[in-house]
Amino acid sequence: MAILDILVYPDSRLRTRAEPVDRLDPSIVKLIDDMAETMYAAPGIGLAATQVNVHKRVVVIDISETKDQLQAFVNPVLVGSGDQIETDEGCLSVPGAIVPVWRFSEVHVSALDQSGQPFEIHASGLLSICIQHEVDHLDGKVFVDYLSQLKRDRIRKRLVREFTSSEHSIPQKSENSIAS
């Protein structure tokens, strides 16, 4: 396994729409393993392949406190339902930013797991939010897109300044934020 480089906003590669996985071969299994290791090391609770510059529809998530309940979603398809709720989100590709985002309170997801088996789940709470956040990445969307242009520009300018002026690593997430 390997820790992969996480793209940082405003990197234009984060805007690339991910392609479906045609078949779950050993390279996709290795990608899932590497993404999981990268997510845990960052640390975060979710990671989309787009964030590591692989434009395949693959997501890993682990919202458990013990970090031992990894879920892989290959070619996820989701349908949002329930009320819209506001939640404070963070993102491994937008380090240091915690912003309010409106999401569906529940989602129904169909996908393949890391062994290629189809599954469906109905998710609510943190898992629902995390799935929506990661699928946005697969669609070339970053959570700052939900903000006003002024707020997006402030975040972009700060990150460009921080990540081009020094050999800066991605900061650790705060204890109270959702970073994925």
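May I ask you to list the residues in the stretch 38-53 that are hydroxyl-bearing (Ser, Thr, Tyr) and free of Cβ contacts under 8 Å to residues at least 60 places away in the same chain?
Going residue by residue through the stretch 38-53, those that are hydroxyl-bearing (Ser, Thr, Tyr) are 38, 40, 50.
Answer for the stretch 38-53, where residues must be hydroxyl-bearing (Ser, Thr, Tyr) and free of Cβ contacts under 8 Å to residues at least 60 places away in the same chain: Thr38, Tyr40.
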Close pairs from the stretch 13-37: first closer than 21 Å to Val77 by Cβ, partner assigned to a helix (DSSP H, G or I), Cβ under 6 Å, at least 6 apart: Ala18/Thr50; Ala18/Leu138; Val21/Ile28
message: Please count how many residues of the stretch 1-49 are among the charged types (D, E, K, R), outside any loop (DSSP other than H, G, I, E, B) and open to solvent by less than 40 Å² (accessible area, probe 1.4 Å).
response: 1
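The values are calculated or read from the model by the stated rules, or taken from the named source; none is laboratory data. Since the structure is predicted, the reported quantities are computational estimates derived from the model, not experimental observations. No Cβ is skipped: glycine too gets one built from the backbone with ideal geometry, and neighbour counts run over all protein chains shown. Calculation scope for accessible area: heavy atoms of the full protein, side chains included, ligands and nucleic acids excluded. Shrake-Rupley method; radii C 1.70, N 1.55, O 1.52, S 1.80 Å.
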